[in-house]
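Report on the following structure.
The values are calculated or read from the model by the stated rules, or taken from the named source; none is laboratory data. Just so you know, these numbers come straight off a predicted model, no measurement behind them. FYI the Cβ positions are ideal-geometry reconstructions off the backbone, even for glycines, and counts take in every protein chain you see.
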Amino acid sequence: MKRALVYNPYWDTRGGGEKYLASVANQLQQMGWQVTVPWHEPELVKRLQERYGQKFDWAKIDTQAAELIRHGTILKKLGYFSQFELIFWLSDGSLPFLTAKVNLLHFQVPFTQVKGRSWLNQLKLKRISKVICNSQFTKRVIDQEFKVKSQVLYPPVTQHPPLKKTKTILTVGRFDNLLHHKRQDVMIQAFKQLNWPDWRLIVAGGGLKKPTEIYNAMGEIDQKQVQFVYNPSFPELSRLYGQASIYWHAAGFGEDLAVHPEKAEHFGMTTVEAMSAGAVPLVYAGGGQKEIIMDGVNGRWWQTPAKLIKLTRLIGANHDLWQALSEKARIRAKTFSEEVFADGFVQLVR
């Protein structure tokens with residue numbers, strides 16, 4: 001049986017990127033590959049299944065390989081990698097020396113200023129079969145930084161069923177301030193100014209730490225109107241998507257994205273999940289979000305909190321407008337389904 005290695009240095013964050021890599025491992029397994037995932041936590045598959053609500057059928061979690069990749073010598077790493085016919089490697093901005101027959105290098109972050117054109121990185125790239133990005137936004141930056149011609153394979157996005165809609169605005173995103181802040185603080189302040197007593201804002205997300213700073217941003221607001229859902233289960237998250245009428249997203253706001261593109265939303269999986277359930281997305285006009293949403297067709301873009309408030313009032317008060325945007329949002333979301341991802345991935349590895 002052919003052997004494949006899928007490497008991700010961020011499994012413990014369990015965000016959208018981890019869903020991508022888990023799906024890669026799944027697809028390889030279904031294509032007849034024996035898949036190895038280096039990670040220090042033997043229960044990784046179980047935790048991912050709980051988080052994403054789907055079955056992952058992997059052959060092996062290799063804790064020793066995880067230690068080798070982190071602390072082993074270059075010669076030991078090269079020897080280990082040469083055992084595999086295929087390696088799918090998520091970059092953290094650095095490049096590895098890979099020695100499999102097929103080496104697929106994946107970027108989910110538009111890294112800049114990481115010396116991508118240095119002679120050493122260019123040497124490492126000679127062993128790379130294909131460079132794969134999660135969005136055109138990421139691709140443009142990576143191609144420039146590393147002097148490559150990457151391909152785009154959009155993430156696999158779970159499609160959630162619409163439920164009976166409530167007067168709810170939802171936002172979903174990590175509470176950790178890793179490479180880019182989801183700017184839940186901006187949305188809380190905007191909701192205060194919206195002054196809709198019959199509506200509520202639900203701020204859902206996970207992370208390694210509880211969102212104390214965001215809680216503090218609530219100030220005097222009625223906590224019945226702004227509710228935090230920390231590390232929701234998959235069924236709970238699906239219910240939130242199904243019931244939400246409007247979806248907000250603010251990553252990238254207040255940043256100079258020309259200088260720091262990594263602070264934008266690199267794609268926007270939670271936006272697509274919300275759209276699949278019929279929530280109308282209102283997103284900050286930056287990063288990969290603009291590839292998902294056609295402004296005025298299946299959602300709206302905003303540049304300032306004042307515009308976000310104005311658009312929310314317009315859509316929330318006009319059911320026919322909301323209905324039209326909602327229907328188009330659901331249609332658009334299907335183009336990022338797990339089935340579409342599977343077909344694209346098969347084409348990549350042939």
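Numbers at a glance
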read-out: Residue match in region 157-178 (condition: without any contact (Cβ under 8 Å) to a residue 12 or more places away in the chain, at negative phi and assigned to a loop (DSSP other than H, G, I, E, B)); value: yes
read-out: Close pairs (6 angstrom Cβ cut-off, 6 or more residues apart or separate chains): farther than 19 Å from Tyr7 by Cα in region 103-128, among the acidic types (Asp, Glu) and surrounded by 16 or more Cβ atoms within 10 Å (Cβ to Cβ) anywhere; value: Thr112/Glu145; Gly116/Glu145
read-out: When residues of region 98-153 are limited to those that are assigned to a helix (DSSP H, G or I) and touching a His at 6+ places or on another chain (Cβ under 7 Å), the one farthest from Leu28 (Cα to Cα); value: Phe137
read-out: Criterion (in a helix (DSSP H, G or I), under 19 Å from Gln108 (Cβ atoms) and in contact with a strand residue (DSSP E or B) (Cβ under 8 Å, 6 or more places away or on another chain)) met by exactly one of Val24, Val6; value: Val24
read-out: Region 258-293, subset assigned to a helix (DSSP H, G or I) and β-branched (Val, Ile, Thr), residue nearest to Lys19 (Cα to Cα); value: Thr270
read-out: Pair list, Cβ < 8 Å and 6+ apart or interchain, from region 40-60 residues that are in the same structural domain as Asn26 (by TED's automatic domain parsing) and of a type in the set (Ser, Thr, Tyr) to residues that are surrounded by 14 or more Cβ atoms within 10 Å (Cβ to Cβ) and part of a helix (DSSP H, G or I); value: Tyr52/Lys19; Tyr52/Ala22; Tyr52/Phe234
read-out: Filtered residue count, region 70-97, keeping only those that are charged (D, E, K, R), outside any loop (DSSP other than H, G, I, E, B) and touching a residue at least 12 places away in the same chain (Cβ under 8 Å); value: 1
